[in-house]
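These notes concern the structure reproduced below.
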């Protein structure tokens, strides 16, 4: 087991390295850098001015050396300019003394995530704070989505073809066919706009960042949860119907076990193996929903941050955001693998 | 002129869709008569769910096709008419000229364009891009998934790693990185297109060669003709004058695809292909243990013949079902792109963009955002139902 | 008639139905139908059978004859589409279709228990064995968990499983197939039911394991005083286990009576045909060939008018057998012996009825294939998911040496894991040998993978596969598949020539030419297997490896397919390597036999030599394990302990020593230490055993045919 986890973590780190390098490469393509220079300076910069801006800020080094510095395995760049020295590990133009006192290495291995050009702030705390906000959102989403999805799936799959099955399956198909930007729009239109006039909930969730209430937080949570729910419910249903036709269920039935006992004791554990992995693999998709919903409801969390970073080519922020999301995705995959092993005794080591 | 009431609006919309109704009735009655001879498609006519789904999908396909032929729309979807800004459904048009339809059936949007015509035009964009992109994703996924599952070993490890890499990437982030004007300027999407669009060629080439290599007289001319045509199409597709990939003189270039559409297309294929890869790989692992595969091996068939002619046809059931589901998913992705204003031009009538435009004034005006939202919902729902129906019917064999 | 009162050894709640006389189970004119959207499909019609206390009744028939439907009907578990449409099922005098759901649950598992075909599938994979066992008495008798565990331990001991405590704590996948089936049996016995229904309980098991399980069922039936309904397609098994038998054909019971009456004085043409199509000792491919039943099993909705067996019956009389439904009629002077035949009193049952043509014995030719010291080792990672990649070597084939001649049938016999399929793979070129050589006409081919073999070699060595449902590509027409093989082997220079050759091949395997246009799913199992054979002969094969080509087919079809193979062999002088676990068929058709166990050839000789003493101890046990459907055969009962060891982890020394009953006769623990040398007995008869000549000579024949 230990070896297995170690190997998985190895693969995870390799994946994360590959992905961050791709992001690094894409964000450091020249047109992107040019755009960055122009947004930081002004839009009427000449080609030469752009070049000098980029040079002063170390953007024109070879890509691999820049990537190594960002990782913290190569010493940060320093550059003598007219009025002093600039470097990766210091802010702005400083004196030679200061640069000598500053650390040589300052990449993510040293805990230095860089500086956001959009928010004019250190990336580390910025991402952490936003992650916290999104964590709150996700917690409520999961709390709503998973029990609901599993319940619908199990109830529908218990008796295939029954009226309960048909109606619950229809509900889950409709929800999977409704992306967040459609359901969100409809929810806001129906429950929060003045035209319909119900005004039960708030159409924005900005206030929920400090103080989440049912009133201002329910719609965004529901919007994300619904889309994911349908998919998990359908998986659970499929798995449940398959298990219910398995021979060992017939064995249990012909033992004289009651229907309730068959479902609870024999079917459930077997039926939940497949959906468990699905729930975990849902995470990269849920992130999608988070970005849409946070934009739609103006909730300034991690998804909103991603949009800001990507829209303005805020390189270091974007890198941190991708590291964070990749780590989240890979961690859930790891958890899903381990959980699968524990749910399914056939794989467990004897 | 008086505004139209709701009944009149519904009746008028129904009337506008007349060509669609005729086409649907024709399609259904012809298929129903010959359903015994139509295989899996014919069996669909035994499943209520599948039939509803198929009806919804074909409705939008016909709306798209006839809309593109300017049959259904009442106004130009891009032209702005003064005084029609955010007007509610059924508002009469001010200063309508003779021969022009006098009302905005579903009202006007924020830029005073006709919502109804925009939704109809949007159907064409979706029904064009989504199935094609899905088809390309399947070509890539199949061409890589078959050998990964069949040979296993290092190739499998490498390809699976790459697939998982792409899958671990948050889709939105990928789109933000790929679908920006700056990236288009670097030519990265064009290079990706050059690589991704080769796969159908490889697929067709290997498919025909493995089947006919025993008869060189048939094989060689067949391959030259098929691959020749495909290669020309391929070059026309990837090369665009003025972009980084400009391989074909414009006199030979069959058609041009605007960079914006191409990049959207490429990213959608890129995102979908790994999932298809995983499905195909899993199916291959299962089917390759069958005796007919062993029989093919013992008579010395080549690996590609076995993969493409012995394994792939027997994996078609789950693949067809996934194809339907994936078109739905691609439609949602396209909407997401539109929602974030990525790729497609801002005045584009596609549903995602329209929803994004409409949501800004949502608390006051519902009518610009709701119709495209409901259109998208019903199309994806139709695809899901169709997939469910197909799955049910294919299991009955 | 018995007067039976079951005495319970445990002090459980008395919750069984008390009853006095009469049969435990009484099925009277039962009809069961399944309803689809298109039509009603009658699965069982006018079926009657009685099971008396402590009696074992066998229900025999080919697949699709409705025998399993009867079992599910008794359990009232026909699913959504199935319904009893006529007749009654009475259990201890109560009509089961009248009882409420709650009462039904009380009966299931408590009064009537069932044992199924696939032990792995019928146990819950995510629940410990113990939990699954104790559930039965907890549901039915409401006893405490501790008490239930005590009883589970006792029952597990009764089914002769080692270390019951450990077994109760394990999950199903941790046990072998034989052990799982014992657990299923234990589960059925947990509440001491009065009726046990066994639905093909040993079909999924190896022969030697099957023999042990059958023995166990018989003993426990006696010990627990349980009545049994034993469903099987194997007449030999029924003979060994049952008191009475009921033969089914196409949804109807066609003959019913005591084992002795039905086996020795059969009164229905189908029963007779069935017996003539199975290879009993004494049958011989040249002098007394099997007689296949012509035609095919009718589909449920295409049954003929009148007698269902009519179209395939050699005694069929027009305008008599095909007019009305035929009732069961009692055979005078026999005890409760009934048959569904109008003409049973007119038929002379003593003559075999059909004309048996003797066939000329083929002359065995030169050596075409020579295997010398062939070894095949695999390296496998022992546990890919968690291990650091420890590699283990699996010795799938150890020093195989033998020759095969032209026109010869060489049988390779052995149970799962013996390495026969690995050998086939190496021969075909799907794998390459680790050591040794394979000579095909003096050409070495052991290191030549199939891609590097020339067309001729590939076409010369071909294979017929086991599973007919898997052997053809489901999405290609039959003709297309044969033509493809012709293309690959370079036969014919135009499409027309190949088309013509394909039709000739269909003629060769006796299929109508119109089948070329059919899809595989429109063919029956036997027909598919014929197409598989046609495909194998597309490249003028000289050596054909047939990997259990008939074991998945019904008995009546088996005979026809075997016959076909023999006929093609006679015409084309091919060498047939016949891989099988079924010694009856091997004795019938092979000239020489190789017996394999865990990768070793343990015995090799002519059919005569192998089937008579001296035997290798494994051959001896194997012979004893094969059920024989002949009342005049007397068998020695040799039951092997335990299961076949895993090829991943074979025992030291002689691979068979863990189960060998002769081991104690060999001094110095030789069996556990050394792999025995091959002993050459007489005339090419080889045995790999430590037993001395003297000991071998003492062996007695396993099968004796009583003098008539």
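The values are calculated or read from the model by the stated rules, or taken from the named source; none is laboratory data. Since the structure is predicted, the reported quantities are computational estimates derived from the model, not experimental observations. Glycine gets a Cβ as well: all are built from the backbone with ideal geometry, and neighbour counts include every protein chain shown.
Things to note:
- Selection status of residue C:557, at pLDDT below 85, assigned to a helix (DSSP H, G or I) and either on the phi < 0 side of the Ramachandran plot or in contact with a helix residue (DSSP H, G or I) (Cβ under 9 Å, 6 or more places away or on another chain) (or both): yes
- Test result for residue B:386, more than 7 Å from chain A (Cβ to nearest Cβ) and closer than 25 Å to residue B:107 by Cβ: no
- Of the criteria (1) in contact (Cβ under 8 Å) with a residue 12 or more places away in the chain; (2) away from every other protein chain (no Cβ under 13 Å), which one residue C:157 fails: (1)
Yes or no, residue by residue, for (1) on the phi > 0 side of the Ramachandran plot; (2) crowded, with 20+ Cβ neighbours inside 10 Å; (3) not in a strand (DSSP E or B):
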{"position": "A:45", "(1), (2), (3)": "no, no, yes"}
{"position": "A:53", "(1), (2), (3)": "no, no, yes"}
{"position": "A:69", "(1), (2), (3)": "no, yes, yes"}
{"position": "A:80", "(1), (2), (3)": "no, no, no"}
{"position": "A:97", "(1), (2), (3)": "no, no, yes"}
{"position": "A:105", "(1), (2), (3)": "no, no, yes"}
{"position": "A:124", "(1), (2), (3)": "no, no, yes"}
{"position": "A:143", "(1), (2), (3)": "no, no, yes"}
{"position": "A:154", "(1), (2), (3)": "no, yes, yes"}
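- Residues in segment A:10-46 that are more than 14 Å from chain B (Cβ to nearest Cβ) and touching a residue at least 24 places away in the same chain (Cβ under 8 Å): A:40 alone.
- The helices (runs of 4 or more DSSP H) located wholly in segment C:598-699 that include 1 or more residues which are under 22 Å from residue C:213 (Cα atoms) occupy C:617-625.
- Entirely in segment B:131-243, the helices (runs of 4 or more DSSP H) that have 2 or more residues that are surrounded by fewer than 18 Cβ atoms within 10 Å (Cβ to Cβ), touching a helix residue (DSSP H, G or I) at 6+ places or on another chain (Cβ under 8 Å) and more than 14 Å from every other protein chain (Cβ to nearest Cβ): B:198-212, B:216-238
- Among the residues of segment C:130-144, the ones that are touching a helix residue (DSSP H, G or I) at 6+ places or on another chain (Cβ under 8 Å) and more than 14 Å from every other protein chain (Cβ to nearest Cβ) come to 1 in all.
- Counting the residues of segment C:463-484 that are surrounded by fewer than 24 Cβ atoms within 10 Å (Cβ to Cβ), facing chain B (nearest Cβ under 9 Å) and not in a loop (DSSP other than H, G, I, E, B) gives 0.
- Scanning segment A:176-191 for residues that are farther than 15 Å from residue A:292 by Cβ and either more than 7 Å from chain B (Cβ to nearest Cβ) or outside any helix (DSSP H, G or I) (or both) yields A:177, A:190, A:191.
- Residue in segment C:471-483 that is under 22 Å from residue B:308 (Cα atoms), in contact with a helix residue (DSSP H, G or I) (Cβ under 9 Å, 6 or more places away or on another chain) and modelled with pLDDT under 85 present: no
- Residue check for residue B:379: within 18 Å of the chain's Cα centre (by Cα), surrounded by 24 or more Cβ atoms within 10 Å (Cβ to Cβ), within 11 Å of chain A (Cβ to nearest Cβ) and modelled with pLDDT of 90 or more: yes
- For segment A:226-266, residues that are outside any helix (DSSP H, G or I) and crowded, with 20+ Cβ neighbours inside 10 Å total 3.
Per-residue answers, yes or no, for (1) more than 9 Å from every other protein chain (Cβ to nearest Cβ); (2) modelled with pLDDT of 90 or more; (3) surrounded by fewer than 23 Cβ atoms within 10 Å (Cβ to Cβ):
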| position | (1), (2), (3) |
| --- | --- |
| B:245 | yes, no, yes |
| B:251 | yes, no, yes |
| B:260 | yes, no, yes |
| B:277 | yes, yes, no |
| B:291 | no, no, yes |
| B:308 | yes, yes, yes |
| B:319 | yes, yes, yes |
| B:339 | no, no, no |
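- Contact annotation: residue pairs with Cβ atoms under 7 Å, 6 or more positions apart or on different chains, pairing a residue in segment C:694-705 that is in contact (Cβ under 8 Å) with a residue 40 or more places away in the chain with a partner that is surrounded by fewer than 15 Cβ atoms within 10 Å (Cβ to Cβ) and in a strand (DSSP E or B), are C:704/C:634.
- Filter result for residue B:327 (assigned to a helix (DSSP H, G or I), free of Cβ contacts under 8 Å to residues at least 24 places away in the same chain and crowded, with 24+ Cβ neighbours inside 10 Å): no
- The number of residues in segment C:275-305 being assigned to a loop (DSSP other than H, G, I, E, B) and buried (at least 20 other Cβ atoms within 10 Å of the Cβ) comes to 11.
- Residue that is nearest to residue C:257 (Cα to Cα) [pool: residues in segment C:36-56 that are in contact with a helix residue (DSSP H, G or I) (Cβ under 9 Å, 6 or more places away or on another chain) and assigned to a strand (DSSP E or B)]: C:49
- Residue in segment C:45-61 that is within 14 Å of chain A (Cβ to nearest Cβ) and more than 23 Å from residue C:325 (Cα to Cα) present: no
- Against the test of being within 14 Å of chain B (Cβ to nearest Cβ), within 24 Å of residue C:372 (Cα to Cα) and out of contact with any strand residue (DSSP E or B) (no Cβ under 6 Å at 6 or more places or on another chain), the options C:487, C:460 yield a single qualifying residue, C:460.
- Among residues of segment C:432-459, those that are farther than 30 Å from residue C:524 by Cβ and not in a loop (DSSP other than H, G, I, E, B), counted: 14
- The listed residues are B:371, B:345, and the only one of them that is more than 9 Å from chain A (Cβ to nearest Cβ), in a helix (DSSP H, G or I) and touching a helix residue (DSSP H, G or I) at 6+ places or on another chain (Cβ under 7 Å) turns out to be B:371.
- Flag if residue A:194 is in a helix (DSSP H, G or I), within 14 Å of chain B (Cβ to nearest Cβ) and on the phi < 0 side of the Ramachandran plot: no
- Residue within segment C:668-686 that is at pLDDT below 85 and over 22 Å from residue C:399 (Cα atoms) present: yes
- Residue list for segment A:255-266, filter: in contact with a helix residue (DSSP H, G or I) (Cβ under 9 Å, 6 or more places away or on another chain) and without any contact (Cβ under 8 Å) to a residue 60 or more places away in the chain: A:255, A:256, A:257, A:258, A:259, A:261, A:262, A:265, A:266
- Test: residue in segment A:138-158 that is touching a helix residue (DSSP H, G or I) at 6+ places or on another chain (Cβ under 7 Å) and closer than 30 Å to residue A:34 by Cβ: no
- In this entry, residue C:346 is excluded by the filter for residues that are over 27 Å from the mean Cα position of the chain (by Cα) and either under 30 Å from residue C:440 (Cα atoms) or at pLDDT 85 or above (or both).
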